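**Q** First the structure, which I've put down as structure tokens, then a few questions once you've had a look.
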Amino acid sequence: MDERPEPAGASLDRRAELSEFLRTRRARLKPQDVGLPDFGRHRRVPGLRREELAQLAGVSVAYYTRLEQGNGRNVSAEVLDAIARALRLTDAEHAHLTHLAKPKHKKKQTARSPQARPALRQLLDAMDAVPAYLIGRRSEILAWNRLAAALFGDWGELPAAERNWARLTFLRPDYRDLFVDWEQKAIDIVCVLRMEAGCYPDDPRLSALVGELSVKSEDFRRLWATHDVKEKNHGVKHMRHPLVGELSLHFEGFRLSDGSDQTLVTYHAEPGSASAEALRLLASWGVDATRAGSQTPSV
């Protein structure tokens, strides 16, 4: 029987998120990782004890215990920095901890769906040599160009609510075939959603997405329970296209600076590579490639 999924609600429980994040980060550290003696079989926890973490951070055990129980009220930036160092947090994890413990006032969330500016749509259309698309902070696919449709399938044939990378990745089995390393793609999506949930714990649309995926996907529940966060704005994706076979494409994510929380994502191949030739073929086939590519994965 599957574990009980995290229920969908109006917002995520920030205190519970803070508690679980600290607990999971502490559990992954061994005493020898931080220069402490390991008493082996006498230990009853998988990672550091609370008192050991408090000692490393230079705070009292009672203070750290309150924080790990989700009470981040009045915690100082200096204490958070010390705990982040003790836990060996990455920059992304440090930022996530700060958002959970000391949330900033966010602008009121509206029910209106995010939109791509007309100029950005024109830019995407002009980028005819590289697949490119625009996504929102909840992984919504807001706009894309013709080559992106040829590579990923024609998202225009989907209802607007289903144009979402998280839903496509976890709820459509055909996208497991598209990505050679589907597990890594899934991890990347969950880590980004965790980051956004820390920044916007009161976003009902984001909470609804997490709730839906928690109910419908065992893989999502498994990855969400790790509380891992990271920012991945560039890298390489290996794909298996139904028309041109396997491709290795570099991707770059460019966060817009207009306050929209939108990101422009582009893909390109190494010049002269087989993947570059495959993209050229997809571009030359145009609409025919888009329609054929939409059959597997089917969209």
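Only the coordinates and a few stated rules stand behind these numbers; no lab work does. Note that the structure is a prediction, hence the values are computed from the model and not measured. Counting neighbours? That spans all protein chains shown, and the Cβs are built from the backbone with ideal geometry, glycine included.
**Q** Would you calculate, for the chain, the mean residue ellipticity at 222 nm contributed by helices, counting each DSSP H stretch of 4 or more residues as -39,500 (n - 2.57) and dividing by all residues, to the nearest 500?
**A** Details: 14 runs with 136 residues, N = 299.
About -13000 deg cm²/dmol.
**Q** What's the Kirkwood radius of the chain in Å, using all Cα pairs?
**A** On the way: mean 1/r = 0.0474 Å⁻¹.
Computed over the chain, the radius equals 21.1 Å.
**Q** Label Glu218 and Tyr63 with points 7 Å out from Cα along Cα→Cβ: what is the distance between them in nm?
**A** Here the answer is 4.5 nm between the modelled labels.
**Q** Listed highest first by mean packing, meaning other Cβ atoms within 10 Å per residue, what order do 194-203, 69-78 come in? Each step should come with its number before you reach the end.
**A** Working: 194-203: 20.7, 69-78: 13.6.
Put in order of decreasing packing, that is 194-203, 69-78.
**Q** Assuming R0 = 41 Å, what is the FRET efficiency of Val236 and Asn74, from their Cβ-Cβ distance, to the nearest 0.05?
**A** Working: r = 44 Å, r/R0 = 1.07.
Calculated transfer efficiency: 0.40.
**Q** Another question, then. Just want the answer: with Cβ charges of +1 for Lys and Arg and -1 for Asp and Glu, which residue in Ala57, Ala161, Leu29 is farthest toward the dipole's positive end in the chain?
**A** Sorting the options by dipole projection puts first Ala57.
**Q** Something else about it: Give Lys185/Lys216; Lys30/Lys232; Lys30/Lys230 a once-over and call out the pairs whose C-alpha atoms are over 24 Å from each other. List each step's numbers first, then the result.
**A** Working: Lys185/Lys216 18 Å; Lys30/Lys232 26 Å; Lys30/Lys230 22 Å.
Over 24 Å Cα-Cα: Lys30/Lys232.
**Q** Using the Cα centre as the reference, give the magnitude of the dipole from point charges on the C-beta atoms of segment 14-101 (Lys, Arg: +1; Asp, Glu: -1; all else neutral), rounded to the nearest 20 debye. It would help to have the intermediate numbers written out before the result.
**A** Values: 16 positive and 11 negative charges, 82 e Å.
So the dipole magnitude of segment 14-101 works out to roughly 400 debye.
**Q** Please compute, for the alpha-carbon atoms of segment 150-272, the extent along each of the three principal axes and give them in descending order in Å.
**A** For segment 150-272, the Cα extents along the three principal axes come out at 47, 33, 30 Å.
**Q** Given the C-alpha centroids of segment 233-284 and segment 108-171, what is the distance between them in whole angstrom?
**A** The distance from the Cα centre of segment 233-284 to that of segment 108-171 comes to 14 Å.
**Q** Where does helix 204-216 land angle-wise versus the long Cα axis of the chain, in degrees 0 to 90, nearest 10?
**A** Here the helix axis deviates by roughly 90 degrees.
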